[in-house]
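Let me begin by presenting the structure, written as structure tokens, before commenting on it.
The values are calculated or read from the model by the stated rules, or taken from the named source; none is laboratory data. The structure presented is a predicted model; accordingly, all values stated were derived computationally and were not measured. Glycine also receives a Cβ, built like all others from the backbone with ideal geometry; neighbour counts cover every protein chain displayed. SASA here: full protein model, heavy atoms, side chains in, ligands and nucleic acids out. Shrake-Rupley method; radii C 1.70, N 1.55, O 1.52, S 1.80 Å.
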Amino acid sequence: MSRPTRDPLPRATPAALKPLDWPMRRTLGASPAARLMPVALPDAMLARRSVREMAPAPLRSVLALVGWVTVARSVRVADPLSRTRRMPPSAGALHPVEVIVVAGGRRAPVLLRVDPFSARVQVLSERRAGPAARLLTRLPQLLPGARGTALVLLADRARTAAVYHRPDSLLWRDAGALLASLQLAAGTMGLVACPTGLIGQEIADALFPANDRVVPAGTLVVGFPR
């Protein structure tokens with residue numbers, strides 16, 4: 001007997017989708033412009049590695065990295081799903097995975113998001129206090145030499161499910177493509193990055209408690225090389 005397939009299947013007609021309600025506290029200016037080093041793509045790919053010893057990088061540099069990788073280069077016209085072209089590949093050009101920058105310390109973490117359409121930095125409100133601080137406690141235990149800034153990937157399952165049946169494998173594929181793009185881009189900006197084994201459930205719990213639509217999809221730490 002053959003196993004039931006888990007392959008994603010495009011829907012004949014995309015389902016209606018209500019945008020995810022990000023809990024914004026306030027909006028700041030545009031994300032800083034990225035300062036790229038003159039590195040050839042093959043050299044950047046060969047130099048890519050996970051660096052577990054790092055010093056803190058200015059928040060401005062981290063936001064520049066996230067903005068350069070995630071901000072939309074173009075938006076499809078008259079599309080109810082607002083599909084875009086961005087640096088990482090994405091199934092159906094949906095780009096359901098967002099990057100949350102966890103700034104500040106354990107006593108007062110600050111959660112930031114770069115809006116992919118306006119490029120403005122959003123300060124998010126924690127709907128549940130405590131989980132973000134727990135993540136910042138766990139990371140030094142896992143990577144004691146990585147004194148950088150945590151980035152958490154959160155995926156909107158409903159966004160991919162609006163276009164595909166059985167969307168979960170596409171979410172994880174997109175998250176991997178985004179993580180790899182962040183690592184490669186970090187190298188071209190003089191930064192280093194280290195993915196961790198944590199999926200970032202704490203940030204999902206802080207922003208979207210008891211919401212199965214939001215899937216934590218990975219974490220990495222970004223900083224300057226020591």
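Brief remarks follow.
- Solvent-accessible area, 1.4 Å probe, carbon plus sulfur percent, for the chain: 55
- Once you reduce region 35-65 and region 115-194 to the center of their Cα atoms, the two points are 16 Å from each other.
- GNM top mover of GLY29, GLY200, GLY176 - the chain, alpha-carbon springs below 10 Å: GLY29
- Working note: 222 nm ellipticity from helices only, DSSP H runs with n ≥ 4, each -39,500 (n - 2.57), summed and divided by the residues of the chain, gives -8500 deg cm²/dmol to the nearest 500.
- In the chain, the DSSP beta bridges split such that about 95 percent are antiparallel, to the nearest 5.
- Taking other residues whose beta carbon is less than 13 angstrom from the beta carbon of ALA155, and scoring Lys, Arg as +1 and Asp, Glu as -1, yields -1.
- Heavy-atom accessible area order for GLU202, GLU126, GLU53, largest first, 1.4 Å probe: GLU53, GLU126, GLU202
- Rounded to the nearest 10 degrees, the angle from helix 131-142 to the longest Cα principal axis of the chain is 60 degrees.
- Translational diffusion of region 1-66 was estimated from the Stokes-Einstein equation, with Rh taken as the Kirkwood radius over Cα pairs; at 25 °C and 0.890 mPa s the coefficient is 135 µm²/s.
- In the chain, Cα pairs under 8 Å separated by at least six residues give a relative contact order of 30 percent.
- Prolate/oblate/rounded call for region 22-129, Cα gyration tensor, a/c under 1.5 rounded: oblate
- Rounded tilt (10° steps) of 168-188 against the dominant C-alpha axis of the chain: 30
- A 1.4 Å probe run over region 86-226, with the rest of the protein chains in place, finds 37 Å² accessible per residue.
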